[in-house]
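Encoded as structure tokens, the structure appears first; notes follow it.
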Amino acid sequence: PTSATLVAMKHRRTEVGRRSKVVASSATSLNSSTVPSLIVFDLDNTLWTPELYQLRKLQRSKQYPVANKDVKLFPGAKQVIQQLLEDPHQKFANTKFAIASRTQSVEWAHDLLEQFDLLDLFD
């Protein structure tokens, strides 16, 4: 990928039997004049898997999920985030990054972002 790559994730769901599979689309190329001022990431089934509500067993035993064990970043999301963090031309220097999530496990989400070393990325 070039430095002129938008680092936003899109996803679509495709039915696979009874399960829903999330497919990350490829990054979209941008010219330097179209860099967004805000990029918003969804968490469950976009940035990571599984959805936090699916970890009820941990919640019942008052445990927190462990990054890379109970919850894993999608490879495409990890690549996008690495591009954001490396950004050698500082193309996204004025771009803010945020999270939108419907999770009721807000403490877990914050803890996981910290475990994945991503918390400081988001405004």
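Bear in mind that the values in this text are calculations on the coordinates, not laboratory data. Every value quoted in this text rests on a predicted model; they were computed, and no experiment measured them. Here Cβ is always computed from backbone atoms with ideal geometry, including for glycine, and neighbour counts include all displayed protein chains.
For a quick check: with amide H placed at 1.01 Å from N, whose amide H comes under 5 Å from LYS72's, ignoring anything fewer than 5 positions away on the same chain?
THR49
Got a sec? Charge dipole of the stretch 54-123, +1 on Cβ for Lys and Arg, -1 for Asp and Glu; which of ILE81, GLN63, SER101 is way out at the positive end?
GLN63
What order do you get for 67-79, 86-98 when each peptide is scored by the mean count of other beta carbon atoms within 10 Å, highest first?
Output ranking for 67-79, 86-98: 67-79, 86-98.
Pull out the extension gain between VAL106 and SER61, defined as 0.36 nm times the separation in residues minus the alpha carbon to alpha carbon distance; nm, one decimal.
The VAL106-SER61 span can extend by a further 14.5 nm.
I need the shape label for the stretch 31-123. Rule: rounded when a/c is under 1.5, else prolate if a/b > b/c, else oblate, with a, b, c from the alpha carbon gyration tensor.
Verdict is prolate for the stretch 31-123.
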